[in-house]
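Nothing in this text is a laboratory measurement; each read-out follows from the coordinates by a stated rule. None of the values given here were measured: they were computed from a predicted structure. Don't worry about glycine lacking a Cβ; one is built from the backbone with ideal geometry, like all the others, and counts go over all protein chains shown.
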Amino acid sequence: MRRPAMGPGFTQLGLTLVSPKRSQVSVSGRLDIVVDNPRRAQLIAVAQESNTLEHRCDTNRERTRITCELPSDGRYIVMLYGAAGEEARSLPHIGRIFVNSR
């Protein structure tokens, strides 16, 4: 129940969430998400603040590390999108993490 909310698309892509281990985390301005990505699926993440502002997160495609620089203190929802092969043209929602930035 406390794990991040990853949808079926996450496991279908062969992804394993390494960190964070909780669905809600507290950070100081930056969230690092680590995903084992053996099939090298294309992933993006977007941090949404108050359902209005969006901040694109940086992604590395090896052992995928997604870094979200959060510009201010507040509550965010980091939305994960991903696909492999031909599907990579449109990236469906595959999970989310709730973040409190202090």
For this session: Could you size up the charge dipole of the chain around its Cα centre, putting +1 on the beta carbon of Lys and Arg and -1 on that of Asp and Glu, and report it in debye to the nearest 20?
Result: 340
Exercise. For the chain, what mean projected area does the convex hull of the alpha carbons give, in nm²?
Worked result: 6.0
Seminar exercise, completed: Per the 1/(1 + (r/R0)^6) rule, R0 = 25 Å and r from the Cβ atoms of Arg22 and Arg56, FRET efficiency to 0.05 is 0.60
Problem set entry | Extreme residue, positive dipole direction of the chain, given options Pro38, Ile77, His93 (C-beta unit charges) | Pro38
For this session: For every other residue with a beta carbon closer than 9 angstrom to the beta carbon of Arg3, add +1 if it is Lys or Arg and -1 if Asp or Glu, then tell me the sum.
Result: +3
Exercise. Okay, helix-only estimate at 222 nm for the chain: each DSSP H run of n ≥ 4 adds -39500 (n - 2.57), divide by all residues, round to 500 deg cm²/dmol; what do you get?
Worked result: -1000 deg cm²/dmol
